[in-house]
1. Applying the selection to region 173-191, what residues are surrounded by 17 or more Cβ atoms within 10 Å (Cβ to Cβ) and in a helix (DSSP H, G or I)?
2. What are the residues in region 214-237 that are over 23 Å from residue 158 (Cα atoms) and free of Cβ contacts under 8 Å to residues at least 60 places away in the same chain, if any?
3. Look at region 196-238 and say how many of its residues are under 22 Å from residue 338 (Cβ atoms) and within 20 Å of the chain's Cα centre (by Cα).
4. Determine whether residue 209 is surrounded by 20 or more Cβ atoms within 10 Å (Cβ to Cβ), modelled with pLDDT under 90 and either part of a loop (DSSP other than H, G, I, E, B) or on the phi < 0 side of the Ramachandran plot (or both).
5. Which of the residues spanning region 260-280 are surrounded by fewer than 19 Cβ atoms within 10 Å (Cβ to Cβ) and within 11 Å of residue 77 (Cα to Cα)?
6. Can you name the residue in region 48-66 that is part of a strand (DSSP E or B) and of a type in the set (A, V, I, L, M) and, of all such residues, is surrounded by the most Cβ atoms within 10 Å (Cβ to Cβ)?
7. Mind listing whichever residues of region 91-111 are free of Cβ contacts under 8 Å to residues at least 40 places away in the same chain and either among the small types (Gly, Ala, Ser) or over 13 Å from residue 274 (Cβ atoms) (or both)?
8. Show the residue pairs that are 6+ apart or on different chains and have beta-carbon atoms under 6 Å apart, the first residue being within region 123-145 and assigned by TED's automatic domain parsing to the domain that holds residue 161, the second being of a type in the set (D, E, K, R) and surrounded by fewer than 21 Cβ atoms within 10 Å (Cβ to Cβ).
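The values are calculated or read from the model by the stated rules, or taken from the named source; none is laboratory data. Being a predicted model, the structure only gives us computed values, none of them experimental. Cβ: placed from backbone, ideal geometry, glycine included. Neighbour counts: every protein chain shown.
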Amino acid sequence: MRPLATSILTLCVLLSSANGTLSGEKAILHVFTWSEYFDEDVLAEFEEAHDCHVAIDLFDSNEAMYGEIVNGPYEYDIVTPSSYMSSRMRKEGMILELDHSLIPNLVNIDPGFVILTEDPEMRHSIPYTRTVSGVGYNAAELPALEDTWEIFARADLTGRMTMLDDMRETIGAALKYLGYSLNSTDEGELARAETLLQSWRRNLLRFEVDEAHLGLASGEVVVAHGYNGDVSQLMDVDPDIAFLVPREGSAITSDDFVLLKETANYHLAHQFINHMLEPRVAAMNMQGILYYMPNPEAFAMLPAALRDNPAFSVPAEALDRCEVPRDLGDDTGKYEAIWERLGGGE
């Protein structure tokens, strides 16, 4: 009977849809992404249009995401890594080349934005959002806060500050404060950055990502190293919260759509990306997540108050001080060793 059972299973697979589900079943698109990174109404609209379900799983750093995928098993179809990690995943054969014929809305992406990516022809990755890291703070308690990373040296704020639980962001902040590139691989520069972070670490409540903005919201912390979109969400409901990009500079990043090579939903994944790039949808999504998408037509649809929000539309002079994290190849291990000694990722 075993050969017959195998034949029946094969027939079922042949009858399955292009989305990798057996006939009669609803397709499930698995998306691995950052917290609060898709507007719920946008997802619901896609699910209804394509008779599918979008399952969202969360990561809080590129390195945590990478480790989970490498160690497997997983069911993810689409992931949204930062561009430097997209590049690493491409080099290691973890992601698929994209079929541009299935993404006609690709024309809506600002062509000048690809300077933030490591895939300017968008063969393996499609820009989704721009993130800028900086400092969110309670302006009612700290009305004269200076625009410098040196804030984390303030012993009077011990236990009321957090930095991101993300090795590239936090080590990068120390490097920028010291006047170095956040992509430095120089051992002397990295050693000085580590020493600086060890001194700052004594003043921190903890390293964290997803909870960073929650600490500001609750009043547990008054200063949080964080992403502009997360802080924008707080500013939307609390007028005391403010955001700044330190004068020494920070990280500016493209988070990308990529398809993992084991995806069971190749066509549906392309349809999802195409949906997110449609201007009306992108505008709705930006209003929900408060992260900028490189879609000029969609940006023009946004309310003036959002377009003028300095945490959402970070001013040009602040962006000019920022630097794009790049894939460091084998030198990534230098950062990993520092991060382990600092106690990050625990």
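1. 173, 174, 175, 176, 177, 190
2. 236, 237
3. Of the residues in that region, 8 qualify.
4. Values: surrounded by 20 or more Cβ atoms within 10 Å (Cβ to Cβ): yes; modelled with pLDDT under 90: yes; either part of a loop (DSSP other than H, G, I, E, B) or on the phi < 0 side of the Ramachandran plot (or both): yes.
For residue 209, the condition - surrounded by 20 or more Cβ atoms within 10 Å (Cβ to Cβ), modelled with pLDDT under 90 and either part of a loop (DSSP other than H, G, I, E, B) or on the phi < 0 side of the Ramachandran plot (or both) - is met.
5. The answer is 261, 262, 264, 266, 267.
6. The first filter runs over region 48-66 and keeps only residues part of a strand (DSSP E or B), leaving 52-58.
Retained after the next criterion (residues that are of a type in the set (A, V, I, L, M)): 54-56, 58.
Working: 54: 20, 55: 13, 56: 15, 58: 14.
That would be 54.
7. Taking region 91-111 first, the residues free of Cβ contacts under 8 Å to residues at least 40 places away in the same chain are 92, 97, 100-101, 107, 111.
The answer is 92, 97, 101, 111.
8. Correct list of pairs: 138/240; 139/240; 140/240.
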